[in-house]
Amino acid sequence: MLVKTISGYLDAVMEPARHEIRLAQEQAFERIQKVLLKVEEEVAQEGRFMSTEQRMATAENELAKAEEHLLSALGSMYKAVCYIAPQINPLNHVRPIKDIKAEVISKLEKS
């Protein structure tokens, strides 16, 4: 009886989280599919007019851009982790002077 009660409580707590994770997975999958479809269309359209050498040069250029983006993304992800768990940052020796409640304002790109 007690096991069923505990199991019921756990299900009540975990089910919304499972639903959110499932929804996030579906959204990520849709975004990935859209990106890949867009790329396939672009390459099919532009690639017809390129020689083999041009395609190879363009592929190398795209790989260089991808490397830049991945390194930037890695830096952003690590920053987020360091903000969430400052104790993992080996350079963070000191505690903050005081806790400040504030709102973070993002820099907006001017079009």
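The values are calculated or read from the model by the stated rules, or taken from the named source; none is laboratory data. From a predicted model like this one, the values you see are computed outputs, not experimental measurements. Methodologically, a virtual Cβ is constructed for each residue, glycine included, from the backbone with ideal geometry; neighbour enumeration extends over all protein chains shown.
The number of residues in the stretch 1-58 being among the polar types (S, T, N, Q) and under 31 Å from the mean Cα position of the chain (by Cα) comes to 5. Mind listing whichever residues of the stretch 36-63 are surrounded by 11 or more Cβ atoms within 10 Å (Cβ to Cβ) and part of a loop (DSSP other than H, G, I, E, B)? Across the stretch 36-63, the qualifying residue is only MET50. Checked across the stretch 88-106, the condition of being modelled with pLDDT under 95, hydrophobic (A, V, I, L, M, F, W, C), in a helix (DSSP H, G or I) and touching a helix residue (DSSP H, G or I) at 6+ places or on another chain (Cβ under 9 Å) holds for at least one residue. Within the stretch 59-84, being of a type in the set (A, V, I, L, M) and more than 16 Å from the chain's Cα centre (by Cα) holds for ALA59, LEU63, ALA64.
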